[in-house]
Amino acid sequence: MTGPLALTVNGQKRRPPDVPDDERLLDTLRWRLGLKGTKEGCRTGDCGACTVLVDGETTLSCLTLTHEVAGQSITTIEGIGDDAVGRRVQEAFASESALQCGYCTPGFVVALTGVLREVGPNAPSSAVLDGLQGNLCRCTGYLAIRRAVERAREAKR
Ligand code: FES
Ligand code: FES
């Protein structure tokens, strides 16, 4: 089946035409909707660069068919700062300089936002880090990212 489908992306209704059944959400976001902040890394579910939120759940857009998420609410890095948790995570990454090339950063920011919303305040650090196990960074050695995670987590209290 091909044809228009209704998506809600960052709070806006979008109707990309002629999306094939087998098109991945990652490609729809980047190439049809122009939301290039969602990055393509491995395309096999192993790096987390393509992470978005679907109805608030962290989701790998490279492993998700666009038609599967019709009618659901999708949040990409472009919309992650629209709420307080997402803004805090962005600020934490900036404050801790938790990036080098930045390619993995949208995935980390989106994933951490989703995790912090899910585990709630006062969750132990280990629970937050567990939620980020699928996100890889080739540059930073993770120390600055861990500081950003702690900053964002502690700011929630
Ligand atoms: S591009 Fe989706 S997990 Fe790597
Ligand atoms: S900052 Fe370069 S891959 Fe993470």
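The values are calculated or read from the model by the stated rules, or taken from the named source; none is laboratory data. A quick note: this is a predicted structure, and the numbers were derived from the prediction, not measured. Positions of Cβ are backbone-derived with ideal geometry, glycine not excepted, and every protein chain shown enters the neighbour counts. What goes into the accessible areas is simple: the full protein's heavy atoms, side chains included, and nothing from ligands, DNA or RNA. Shrake-Rupley method; radii C 1.70, N 1.55, O 1.52, S 1.80 Å.
Assess whether Asp22 counts as being farther than 26 Å from Tyr142 by Cβ, touching a residue at least 40 places away in the same chain (Cβ under 8 Å), open to solvent by 70 Å² or more (accessible area, probe 1.4 Å) and not aliphatic (A, V, I, L, M). Answer is yes for this residue. Would you call Val9 of a type outside the set (Gly, Ala, Ser), touching a Gly at 6+ places or on another chain (Cβ under 9 Å) and modelled with pLDDT of 95 or more? Considered against the rule, which asks whether it is of a type outside the set (Gly, Ala, Ser), touching a Gly at 6+ places or on another chain (Cβ under 9 Å) and modelled with pLDDT of 95 or more, Val9 comes out as yes.
Checking each residue in the stretch 49-91 for being among the aliphatic types (A, V, I, L, M), surrounded by fewer than 23 Cβ atoms within 10 Å (Cβ to Cβ) and in a helix (DSSP H, G or I) picks out Leu63, Val69, Ala84, Val85.
Of the residues Val110, Val128, which single one is assigned to a helix (DSSP H, G or I) and either away from ligand 1 (no atom under 16 Å from the Cβ) or without any contact (Cβ under 8 Å) to a residue 40 or more places away in the chain (or both)? Unique residue meeting the criteria: Val128. Does Thr38 satisfy the condition of being open to solvent by 50 Å² or more (accessible area, probe 1.4 Å) and either within 14 Å of ligand 1 (Cβ to nearest atom) or not in a loop (DSSP other than H, G, I, E, B) (or both)? When the stated conditions are applied, Thr38 does not pass them. The residues listed here are Glu150, Glu118, Glu96, Glu91; of these, the one that is among the acidic types (Asp, Glu) and closer than 22 Å to Thr8 by Cα is Glu118.
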